[in-house]
Amino acid sequence: MTKIGFIGLGIMGAPMAANLQAGGHKLYLHDRRNPPASLIEGGATVCTSATEVAKRADVIIVMVPDTPHVEAVLFDEDGVAKGLTPGKIVVDMSSISPIATKTFAQRINALSCEYLDAPVSGGEVGAKAASLTIMVGGSKEAFGVVKPLFELMGKNITLVGGNGDGQTTKVA
């Protein structure tokens, strides 16, 4: 059982988190709105900030709308970066700028943590059916650790290269 932080529980994030929970993992949740009751009833812990999520989880997944949202979740005063300790893995599954992704990865790596960009395609239907296509950029080691989690959310999962390459593949 992996302790997973999940930040961003909207149309895509909520069913993705539900699939991780159904796979037997402990979830630590944070969202601007109240997380879905079904996740809480299933044993998820609601956290007051992204910092708290990062402190409690080993793998922190971010699924928010756009580049500025990811930057805020990661680096604001109560962001993920403030709660990280060496060895944790941050996975951004949002679809954002490949250039910004490389910068975010460098900042997370500087904290002795791994960073994967893993945008998805397949929409809400794919999120609910755990049939998303996931294009991953980052280290082979971090990918190896997170791949079993990706397999609970998607079907076509590919490590396409280094940080930013997942986002570039999605854009293409």
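The values are calculated or read from the model by the stated rules, or taken from the named source; none is laboratory data. Because the structure is predicted, anything quoted here is derived from the model rather than measured. Positions of Cβ are generated from backbone atoms using ideal geometry, with glycine treated the same way; all protein chains shown enter the neighbour counts. Ligands, DNA and RNA are stripped out before the accessible areas are found, and what is left, the full protein with its side chains, is counted by its heavy atoms. Shrake-Rupley method; radii C 1.70, N 1.55, O 1.52, S 1.80 Å.
Remarks
- Odd one out for Ile96 among (1) among the aliphatic types (A, V, I, L, M); (2) within 26 Å of Met1 (Cβ to Cβ); (3) surrounded by 20 or more Cβ atoms within 10 Å (Cβ to Cβ): (2)
- Filter result (surrounded by 14 or more Cβ atoms within 10 Å (Cβ to Cβ) and outside any helix (DSSP H, G or I)) within region 34-57: Pro35, Pro36, Ala44, Thr45, Val46, Cys47, Ser49, Ala57
- Residue check for Gly126: closer than 16 Å to Val64 by Cα and either touching a Leu at 6+ places or on another chain (Cβ under 6 Å) or open to solvent by 50 Å² or more (accessible area, probe 1.4 Å) (or both): no
- For region 58-92, the tally of residues that are crowded, with 17+ Cβ neighbours inside 10 Å, out of contact with any strand residue (DSSP E or B) (no Cβ under 6 Å at 6 or more places or on another chain) and among the β-branched types (Val, Ile, Thr) stands at 2.
- Qualifying positions in region 148-172 - more than 24 Å from Ile99 (Cα to Cα), open to solvent by 10 Å² or more (accessible area, probe 1.4 Å) and under 16 Å from the mean Cα position of the chain (by Cα): Pro148, Glu151, Leu152
- Among residues that are under 21 Å from Thr2 (Cβ atoms) and touching a residue at least 60 places away in the same chain (Cβ under 8 Å), Val80 is included.
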